[in-house]
Amino acid sequence: MKIEQTALADVLLLTPTLHRDDRGAFFEGFNQRTMSAAGLPTNWVQDNFSISRRNVLRGIHYQITQPQAKLVRVTHGRVLDVAVDLRRGSPDFARSVAIELSGDDPRMVWIPEGFGHAFLVLSEVAGVAYKVTDFYSADGERTIAWDDPELAIPWPVAPRDVIVSARDRMGNRFRDAEFFP
């Protein structure tokens, strides 16, 4: 597995070795030895999966209590996956990185604790699978507005075409959000 830095030092791009033949393809999405050697978690407590249609935008979500690190991949379709650094003491505080993930490519994104996470579906339908390091906490869940001008995330869709949940429509402005130390 190839592990690379992204524009945010602590967000990593993981590319499993893809083995193709006339039957199709195979890759290891998780290998305990590889993850451990890279200093990444090997004890996941929950696997999550969502299916969304084109222009659905989920996020920017995070948990202020019981923070979750995530290992994100796309099973089918394409998404623009975004991580936002919410660690007040970080040199990358308030910066984001956007990476296109596809079911045709085994790449995964490692998002550590202290980051907000969002994704926008670019294909007709997309499946997003992610492992998390802590359980869901409704009391600790927070949302930042996906279109916050201070973050200026370059979403490749017109705002009028974005489909968001009621919760995401009510997301806090960045300046009013709770951050990690």
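The values are calculated or read from the model by the stated rules, or taken from the named source; none is laboratory data. What you see is a predicted model, and the numbers here were worked out from it, not measured in a lab. Every residue, glycine among them, receives a Cβ derived from its backbone with ideal geometry; neighbour counts consider all protein chains shown.
The table for this structure:
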{"quantity": "Filtered residues of region 57-97 (kept if in a loop (DSSP other than H, G, I, E, B) and touching a Lys or Arg at 6+ places or on another chain (Cβ under 8 Å))", "calculated": "64, 93"}
{"quantity": "Top-ranked residue of region 132-181 - restricted to ones that are basic (Lys, Arg) and loosely packed, with under 14 Cβ neighbours inside 10 Å, ranked as nearest to residue 45 (Cα to Cα)", "calculated": "167"}
{"quantity": "Region 50-72 residues that are on the phi > 0 side of the Ramachandran plot and in contact (Cβ under 8 Å) with a residue 40 or more places away in the chain, paired with ones that are surrounded by fewer than 19 Cβ atoms within 10 Å (Cβ to Cβ) and among the charged types (D, E, K, R) (beta carbon under 7 Å, 6 or more apart)", "calculated": "55/161; 66/134"}
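To keep it simple, each residue is scored yes or no on (1) closer than 20 Å to residue 154 by Cα; (2) at pLDDT 95 or above; (3) under 16 Å from the mean Cα position of the chain (by Cα).
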residue	(1), (2), (3)
18	no, no, no
30	no, no, no
33	no, no, no
45	no, yes, no
50	no, yes, yes
53	yes, yes, no
61	yes, yes, yes
70	no, yes, yes
79	yes, yes, yes
